[in-house]
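Report on the following structure.
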2 protein chains.
Amino acid sequence: MAKSADQKRKQRNGGTTTSRMRDVARKAGVSVMTVSRALNDPDKVSKEMRQRVRAVVEEIGYVPNRLARSLSSNRSNVIGLIVPSIRNSLFAETIKGISDVLSGNGYHLMIADSGPGLLEEEEAITAFLQQRVAGLVLHNTSHTPTAIEMIANAKVPVVENGNLTAAPLDSVVSYSNYEAARAMTLHLARMGYKHIAFVSLVRRENDRARERLRGYLAALAELGRKQDDALILERPSGFSAGAEAVVNLVETAPQVDAIFFAGDVLAVGAVLECQRRGWSVPGRVAIASFDDLDMLRHVNPPLTTIRLPRYEIGRRSAECLLDRIAGRATERVSLDLKFEIIQRESA
Amino acid sequence: MAKSADQKRKQRNGGTTTSRMRDVARKAGVSVMTVSRALNDPDKVSKEMRQRVRAVVEEIGYVPNRLARSLSSNRSNVIGLIVPSIRNSLFAETIKGISDVLSGNGYHLMIADSGPGLLEEEEAITAFLQQRVAGLVLHNTSHTPTAIEMIANAKVPVVENGNLTAAPLDSVVSYSNYEAARAMTLHLARMGYKHIAFVSLVRRENDRARERLRGYLAALAELGRKQDDALILERPSGFSAGAEAVVNLVETAPQVDAIFFAGDVLAVGAVLECQRRGWSVPGRVAIASFDDLDMLRHVNPPLTTIRLPRYEIGRRSAECLLDRIAGRATERVSLDLKFEIIQRESA
DNA sequence: TTGTAGGCGTTATCAC
DNA sequence: GTGATAACGCCTACAA
């Protein structure tokens, strides 16, 4: 008693099987190709066929297999996104922007949290290329040599969106961290602050943090002011770190009259600490922030900050990728989405 | 002049091709299966072969095709996650927990932001089943009938993690929204508050919000207190909404002496508004929150709240799924990760 | 330890 | 408009 092919298949899969196009075709009394066309290219099939196929699909609960489709057509509908920290709330807006565009176009999003390390980013890139993603969005703008080579070989469209780098892998959709930090520093100087401190995020393996510090220093130079190392700190993100930084600066460098925090969470931590200690902001010390968390508008006093188009960056990144994939665009794009200084009461 | 198969393939793909196992095999002078084994099951191959294969892989930059692998082996290494709002920072912790477990096990994460709608969730489920994900994590615990049926047919392991529902689709890893809200209400009563208001999140299509309100009402009943509709509000999440709610309650129901907010952002908005107005917290009105955003510890006064094991929920959800996939567990799991009331100064 | 044959579920291509 | 056939790149099953 020889087993039929279908029986073997059932055994192989542990007693259960998913229905295939072939099953739909058999039941509808048409060929597999007609089913394929009825589903993916309805116009190429007669109305009658379309209805007959749809009916069977409904009836047996057929779920098309996109893995097979992608393999066969050499086209995937998945985009890979790699962020240094999914915990960081600022990525949420960007992800939402990407996600909105993709789901409107039948694409899906795979997300990897690489941590701060470049090597981990490389691993995530490898994994995504193995999944044959149709495109990549990277937040980092620096990468390992291997990662760069792999991306080049894969010929996958890539958008970097953490910083408006001058030397992108492919396309870049972002704002200039350097210019933003420089602009805020000049702004504070224009407001009359003489001793502007800068609290940096950890710069190791973080090109954005390095660019922000560079912007601050460039502004000082333009102003003809000397860099004062007592006014420059580096702290990991966090409310407590911000609180600790403001206390540290006021106590060890009492000449300080303004503090520019390179991260919003740091700035909020600082302003809340000032409140607790009864230090007037901006009376005793002014505080400025980077990035426009919703919260900044609600603390007392509301924080002067730099608004960054996070959602827009996500949206445009995804659009840019889809354009490349569809062949609508062939040129690399370098899109500066700008920033905006929001003047509130803290500085 | 007949074209070779490889020439045709090159033409089909627009002049470029990715290398295949076959190419590695040819160059290494071994069979395709040896390459496959050398890569996926190194122990089953002699040391010499392993080295020869690895060398060629390096040399030509071969990137395995996981789509083909998944199709052929009927096993995928992708897990799908559907959340109602990626913007909501509370998901970040859970996602991180999932992501940490998955990447340690060679799995990857696809994320869909379905919005609050059940129909959109159904669409996302369909899409994931088409991608033949190995498992699903859903935040919602209510679903459309079609979604339920599709999941049953697909025989994919599923973990729901937004609420400890009594009737899960499959497994559930969460805490009880009902019990948490009930516990906090009783706690506030024990502290001596007589007129405890409740600010709910929008309940439409949100089972968690409904459960929280139910918990509050159950506690009132246990306390022998009458439900006072003037003390129950429903608001969308947001700092402004929280600020507006506290003002509304204090002005229209001046007997209120404590407000329990069903969302952390609302509570922070409220406490900041009290600060601005010089209303003493908890002197004029006590404030309690739900969910332990880092920020709650840093506002003035620090907020009494319910700590939820968000990261742990993610971690255990993923572990549960992987256990099911690997066949290590066959039983449905119903895991209560509990909550904890954090007593601070706001109530 | 290594290789051969056949199939995974779909689409491209060409014939009717 | 519809169908037959051969890929897509890999793995399972079995043979040597």
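Coordinate-derived values only; no laboratory data. Because the structure is a prediction, the values reported are computed rather than measured. All Cβ positions, even for glycine, are placed from backbone atoms using ideal geometry, and neighbour counts span all protein chains on display.
Figures for the structure shown
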item: Rough spin-label spacing in nm, given labels placed 7 Å along Cα→Cβ, for A:Ser334 and A:Glu234; result: 2.8 nm
item: Karplus 3J(HN,Hα) series, Hz, for region A:260-277 with 6.51 cos²θ - 1.76 cosθ + 1.60 (x for Gly, Pro); result: 9, 8, 7, x, 5, 5, 4, 5, 5, x, 5, 5, 5, 5, 4, 4, 4, 8
item: Within-11-Å neighbourhood charge of A:Asn206 [Cβ basis; K, R +1; D, E -1]; result: +1
item: Estimated inter-spin distance, B:Gln343 and B:Glu251, nm [label 7 Å along Cα→Cβ]; result: 3.5 nm
item: Calculated label separations, A:Ala326, copies of the chain, 7 Å along the beta-carbon direction, nm; result: 4.3
item: Charge dipole of region B:1-125 about the Cα centre (unit charges at C-beta), most positive-ward option of B:Tyr107, B:Val57, B:Ile95; result: B:Val57
item: Net +/- balance of residues flanking A:Ser176 in space, Cβ distance below 11 Å, scoring K and R +1, D and E -1; result: +2
item: Average other protein chain Cβ within 10 Å of Cβ, residues B:44-57; result: 0
item: Ellipticity estimate at 222 nm from DSSP helix runs (n ≥ 4, -39,500 (n - 2.57)) divided over the protein assembly as shown, nearest 500; result: -14500 deg cm²/dmol
item: Tensor-based shape of region B:177-307 (alpha-carbon gyration tensor, a/c under 1.5 rounded, otherwise prolate or oblate); result: rounded
item: Projected-area average for region A:5-64 over all orientations - Cα convex hull basis, square nanometres; result: 4.1 nm²
item: Residue among B:Val265, B:Val35, B:Val158 with the largest mean-square fluctuation in a Gaussian network model of chain B, springs linking Cα atoms under 10 Å; result: B:Val35
item: 20 Å-binned pair-distance histogram of chain B (Cα, whole percent); result: 26, 42, 22, 10, 1
item: Region A:64-163 shape via C-alpha gyration tensor axes, a/c threshold 1.5; result: oblate
item: Cα-based helix-to-principal-axis angle, B:47-60 vs chain B, degrees rounded to 10; result: 80 degrees
item: Under 12 Å, Cβ to Cβ, from A:Asp43 - net charge with Lys/Arg +1 and Asp/Glu -1; result: +3
item: Cα-based Rg / Dmax (Å) for the protein assembly as shown; result: 28.3, 94
item: Pseudo-label separations to other copies for A:Met33 - Cα-to-Cβ vector, 7 Å, nm; result: 3.4
item: Gaussian network model of chain B, Cα within-10 Å springs - most flexible of B:Glu121, B:Glu222, B:Glu234; result: B:Glu222
item: Label distances, nm, B:Gln51 versus same residue in remaining copies, Cβ-directed 7 Å point; result: 6.9
